[in-house]
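Q: Handing you a structure now.
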Amino acid sequence: MTSQIIYKGELRTIATHLQSGTSIETDAPTDNQGKGERFSPTDLVATALSACMVTTMAIKARTLNIDLDGTRVDTTKIMLSDPRRIGKIIAHVYFPPTLQLDDKTKDLLERTARTCPVERSLHPEMELDMAFYWHS
C-alpha cells in the first residue's frame with residue numbers, strides 16, 4: 001500500500017504516506033463547498049505533475065553531475081465543468097541563473113520533464129502548458 005486516506009469531516013482528508021509516515025491534508029476548494037485552506041485533490045494532481053517534472057530532471061541531471069538546486073516550477077490548475085475536471089495545467093520551470101548548460105543538455109532535461117511518469121498518466125484531453133526558462 002502507498003498511502004492511507006482518512007476522511008476527517010468538513011470536506012477534509014488526511015493522507016499518510018505509509019513508508020515515511022508523513023502526512024498531508026486536503027480540503028475541498030472554495031468553488032466546490034470547501035474552505036480552500038489546504039491543497040484540494042485536484043491541486044495535488046497539478047502539483048504532482050510539477051514535482052515529477054523537476055524530480056525526473058534532477059535524476060537525469062545527477063547522472064550528468066549537474067545540480068538543479070534552486071530550480072522552481074510555478075504551477076496553475078484550470079478547472080472545467082460539466083463534467084467537473086482539470087482542463088489545463090500550466091507548469092513553468094525556472095532554472096537558477098548560476099546554471100549554465102549547453103543546448104543539448106537543456107533539450108535533454110526538457111524532454112525528461114515532458115515525459116515524466118505523471119505526465120504520461122494524465123488524460124490526453126487535458127491541456128498541458130509546459131515552459132522552461134533558462135537564464136543566459
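The values are calculated or read from the model by the stated rules, or taken from the named source; none is laboratory data. Note that the structure is predicted; figures quoted are calculated from it, not measured. Reconstructed Cβ throughout: ideal geometry from the backbone, glycine too, with neighbour counts over all protein chains shown.
Q: Please give the number of the condition residue 55 fails out of (1) surrounded by 11 or more Cβ atoms within 10 Å (Cβ to Cβ); (2) free of Cβ contacts under 8 Å to residues at least 24 places away in the same chain; (3) in the same structural domain as residue 108 (by TED's automatic domain parsing); (4) among the polar types (S, T, N, Q).
A: (2)
Q: Another one. Only one of (1) farther than 26 Å from residue 85 by Cα; (2) β-branched (Val, Ile, Thr); (3) touching a residue at least 40 places away in the same chain (Cβ under 8 Å) fails for residue 118. Which number is that?
A: So residue 118 meets the others, but not (1).
Q: Please determine whether any residue of the range 106-113 is out of contact with any helix residue (DSSP H, G or I) (no Cβ under 9 Å at 6 or more places or on another chain) and acidic (Asp, Glu).
A: Within the range 106-113 (the criterion being out of contact with any helix residue (DSSP H, G or I) (no Cβ under 9 Å at 6 or more places or on another chain) and acidic (Asp, Glu)), the answer is yes, since at least one residue qualifies.
Q: Okay, moving on. Collect the residues in the range 51-65 that are closer than 14 Å to residue 114 by Cα and small (Gly, Ala, Ser), keeping them in residue-number order.
A: Result: 51, 58.
Q: Now, a different point. Mind listing just one residue for me: the one in the range 79-91 that is out of contact with any helix residue (DSSP H, G or I) (no Cβ under 9 Å at 6 or more places or on another chain) and of a type outside the set (D, E, K, R) and, of those, farthest from residue 134 (Cα to Cα)? Write out each step before concluding.
A: As a first pass, look at the range 79-91 and keep what is out of contact with any helix residue (DSSP H, G or I) (no Cβ under 9 Å at 6 or more places or on another chain): 80-83, 87-88.
So of that shortlist, the ones also of a type outside the set (D, E, K, R) come out as 80-81, 83, 87.
Values: 80: 31, 81: 35, 83: 37, 87: 27 Å.
Selected residue: 83.
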